[in-house]
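Structure first, commentary second.
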């Protein structure tokens, strides 16, 4: 199946998500912050990235997705942004007047069936 990079500073989320993806036949690689994620991707690009928005700093995930969009080797890798920021309070943190280079958004906690459905959709594109 696919190689998926899970980028999140929450080890519990990484562990549970990795188990779900591995059970579905995917290879999983993990990174705990944006800098490590970019380093990992540039060394061996994955087929898909699950990217938390808040890690080392508030918009770490957005910065990673922007760097990916500007890198010729990484720009075509699908990105699913994962966030626990939902509702009106969290939405005010996101820039609404600019393009955010992600393919899909998922809210935490992530339902395993929804996760797999979104991963399969993104990989099929």
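Values quoted throughout were computed directly from the atomic coordinates according to the rules given, and no laboratory measurement underlies them. Here the structure is a predicted model, which means the values were calculated and not measured. A quick note on method: Cβ atoms are made from the backbone with ideal geometry, for glycine too, and the neighbour counts reach across all protein chains shown.
On the basis of the beta-carbon distance and an R0 of 25 Å, residue 47 and residue 116 show a calculated FRET efficiency of 0.95.
Label-to-label distance for residue 23 and residue 1 is 1.1 nm, based on points extended 7 Å past Cα in the beta-carbon direction. Maximal additional length on extending the residue 106-residue 76 stretch stands at 8.9 nm, based on 0.36 nm per residue less the C-alpha distance.
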